[in-house]
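Step one of this worksheet: look at the structure below.
All of the numbers you see were taken from the coordinates with simple rules; none came from a lab. Quick caveat: nothing in here was measured; it's all calculated off a predicted structure. Cβ placement follows ideal geometry from the backbone for every residue including glycine, while neighbour counts extend to all protein chains displayed.
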Amino acid sequence: MGKGRTAGNMKKSENTRARIIDAARKLFAEKGYQQTTVIEIAQEAGLSEAAMYEYFKGKEELLLTVPDMWVNELLAEMEDQLFGVNGAFNKLKKYVWWTFRRIEQSPMNAKIVYLFLKTNRNFLETEVYENVKSLYGKLLEIFEEGRASGEMNPDLDPYAARALVVGMIDHMATRWLLEDMSYSLFDQVEGTYGLLAEAFRPPSGSHSAHTGSEIVLRVRASPGQEIKIAD
């Protein structure tokens, strides 16, 4: 019987915690983080303020906890989304469109992440941030693949390229949320992605090949002439 009661208590505790998180997610998305009070969260969850403090230290801990489940879902889905996709540019496009699709499907979670969480000074110390880094790490793998295959510029800096893509996603998602999701998030994605992808391609009219420690750069100098530039 003791074990049964313990299991029952644990289940009740998990349900209560989930109820608090759902209440905080709803209020943060509707009212904003700064405007939401602990008392309001407790009331929305059907608890007293004192009871809520048994589960969370305060509003900031909730802010740092609420998006964790969503980001974990994104991380779990990512490999499946890219499975069977060939080519660095195809993977990059799939990554971008899938990210925006998930933002559109979960606007409450997206609001908390893009409008409140990323500007919190303690965000970098959370488990959510570690999972976000893993999501963005996939972009580094895509750019490394593109450089190695010759599909992308061999001189491309994967970290700079990642910053451009992440910056695009952050800007477009934030603007969409601030404008109350009054238009389709995908209206400008294709054009914006196209501009970025063009910047990642090998220079027009040139071809590079790696041979040991030497980089051979072929340019059109004059018919039949080839210029070699040592690394």
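Taking a threshold of 20 Å on the Cα-Cα distance, which of the pairs Lys26/Lys94; Lys59/Lys111; Lys12/Lys59; Lys11/Lys59 fall above it?
Details: Lys26/Lys94 30 Å; Lys59/Lys111 16 Å; Lys12/Lys59 22 Å; Lys11/Lys59 23 Å.
In this structure, Lys26/Lys94; Lys12/Lys59; Lys11/Lys59 lie more than 20 Å apart at Cα.
Quick check on packing: order 170-176, 108-114 by the mean number of other C-beta atoms within 10 Å, highest mean leading. Write down the numbers at each step before the final one.
Values: 170-176: 16.9, 108-114: 22.0.
Ranking, from highest mean packing down: 108-114, 170-176.
Given Cβ point charges of +1 (Lys, Arg) and -1 (Asp, Glu) and nothing else, what value in debye, to the nearest 20, does the dipole of the chain about its Cα centre take? Walk me through the numbers on the way to the answer.
Values: 28 positive and 33 negative charges, 83 e Å.
It comes to approximately 400 debye.
Which of the peptides 182-193, 125-136 is most tightly packed, and how do the rest follow, going by the mean number of other Cβ atoms within 10 Å of each residue? Numbers along the way, then the final one.
Numbers: 182-193: 13.0, 125-136: 15.5.
By packing density, highest mean first, the sequence is 125-136, 182-193.
Given charges of +1 on the Cβ of Lys and Arg and -1 on the Cβ of Asp and Glu, with all other atoms neutral, how large is the dipole of region 16-55 about its Cα centre, in debye to the nearest 20? Don't jump to the answer; show the numbers that get you there.
Numbers: 5 positive and 6 negative charges, 29 e Å.
Its charge dipole is roughly 140 debye.
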Lys/Arg Cβ at +1, Asp/Glu Cβ at -1, dipole of region 4-63 taken about the Cα centre: which of Ser48, Thr16, Leu62 is farthest positive-ward?
Thr16
Which three extents, in whole angstrom, do the alpha-carbon atoms of the chain cover along their principal axes, largest first?
85, 45, 31
Run the numbers for Glu179 and Glu79: contour at 0.36 nm per residue of separation, minus the present Cα-Cα distance, in nm.
32.9 nm
Could I get the Rg over Rh figure for region 1-80? Both from C-alpha atoms, Rh via Kirkwood, rounded to two places.
1.07
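By average Cβ neighbour count within 10 Å, what is the ranking of 55-63, 194-202, 140-148, 20-28 from highest down? Spell out each step's value before the answer.
Numbers: 55-63: 16.4, 194-202: 13.8, 140-148: 18.1, 20-28: 21.6.
Final packing ranking: 20-28, 140-148, 55-63, 194-202.
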